[in-house]
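To keep things clear, I will list the structure first and then write my remarks on it.
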Amino acid sequence: MDAPKAEVEPINISALNQYAYCPRRFALIYVESQFQDNLHTQRGNAEHARVDQVAHTTSRSGARVEYALPVWSERLGLIGKCDVVEFWQDGTVYPVEYKHGPRRAWINDDLQLAAQAMCLEEMLGVHINTSAIFHASSKRRREVAIDAPLRQMVESTLEEMRRCMQARLIPPPTTESQRCKECSLRDICQPQATYAGLLSARAALFDPDV
C-alpha cells in the first residue's frame, strides 16, 4: 500500500514573480515576513486595484472577459488570481496580466503569466499556447508564448522556492544591481553592506590574518 502523499503548502503565483526577480527579495518577504512599499509597488498595486474594480464579467469583441479570477493548481501547489481572462467563442482561453511599467520583457513577469496559464489549463481542461502582459504605461500588450521551456522553468523555479522556504534560507543579494535600485526592500536588504560582509568573510577564510 502506497504511503499517503504529504500535503504541499500552496504558493501564491505572485511569489513566483518575486523569486524570479530576486531570490533574496522572495526570502525576505516569505521567510522573514518583511515587506515595504515604494513608488513602484504602489503604482503596481494601484493598477491591479483599478483592474479589479471593473465589473467582474464583461464582453469584448466576441469574448467573455473575467476580472480578478481566482485560479489554482493542485499538481503545482499554486494559488492566485488572474487580472483578466478572455474566453473566446472558439474555445480559446487567454489570460492577461497587468503591469504598471513600460512595455519590456521581464522573465519574472513571463513566469507569473505562464503559471496562471498552467493553473487555468488544469482547472478547465484546455491548452493555452499564448497569453499577454498589458503594460499600463505604454498601453500596449506584449504576447508571451507559453512554450515548453517556460513551463519547465515554472516547475524548476517552484522547486527552488520550496527548498528555500523549507530550509529558511536567505540568499545573497542579486548581482544585477539595477534591480536593487527599483526594489522596495533595498533598505532592509542592504545589498552593498551584505556584499561587503561576504567579501570580508571570504577573505578571512583564505587569510586568517585579515
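Structural remarks
- All positions within the range 174-188 that are out of contact with any helix residue (DSSP H, G or I) (no Cβ under 6 Å at 6 or more places or on another chain) and hydroxyl-bearing (Ser, Thr, Tyr): Thr174, Thr175, Ser177
- Evaluated against (1) closer than 24 Å to Phe26 by Cβ; (2) in contact (Cβ under 8 Å) with a residue 40 or more places away in the chain, Cys82 falls short on exactly one condition, (2).
- The residue that is nearest to Ala136 (Cα to Cα), among those in the range 86-100 that are surrounded by fewer than 17 Cβ atoms within 10 Å (Cβ to Cβ) and touching a Gly at 6+ places or on another chain (Cβ under 8 Å), is Trp88.
- The set of residues from the range 126-146 being touching a residue at least 40 places away in the same chain (Cβ under 8 Å) and surrounded by fewer than 17 Cβ atoms within 10 Å (Cβ to Cβ) comprises just one member, Arg141.
- The one condition in (1) modelled with pLDDT of 90 or more; (2) in contact with a Cys (Cβ under 7 Å, 6 or more places away or on another chain) that Pro191 fails to fulfil: (1)
- Matching residues in the range 47-90 - criterion: being touching a helix residue (DSSP H, G or I) at 6+ places or on another chain (Cβ under 6 Å), at positive phi and at pLDDT 95 or above: Gly80
- For the range 87-106, the candidate set comprises residues that are among the β-branched types (Val, Ile, Thr) and within 13 Å of Leu124 (Cβ to Cβ); within that set, the residue that is farthest from the chain's Cα centre (by Cα) is Thr92.
- Filtering the range 1-26 to residues that are of a type outside the set (Lys, Arg), more than 13 Å from the chain's Cα centre (by Cα) and either modelled with pLDDT of 90 or more or buried (at least 21 other Cβ atoms within 10 Å of the Cβ) (or both) leaves only Pro10.
The values are calculated or read from the model by the stated rules, or taken from the named source; none is laboratory data. Predicted model only: the values in this text are computed from it and were never measured. Using ideal geometry, Cβ is built from the backbone for each residue, glycine included, and neighbour counts are taken over all protein chains shown.
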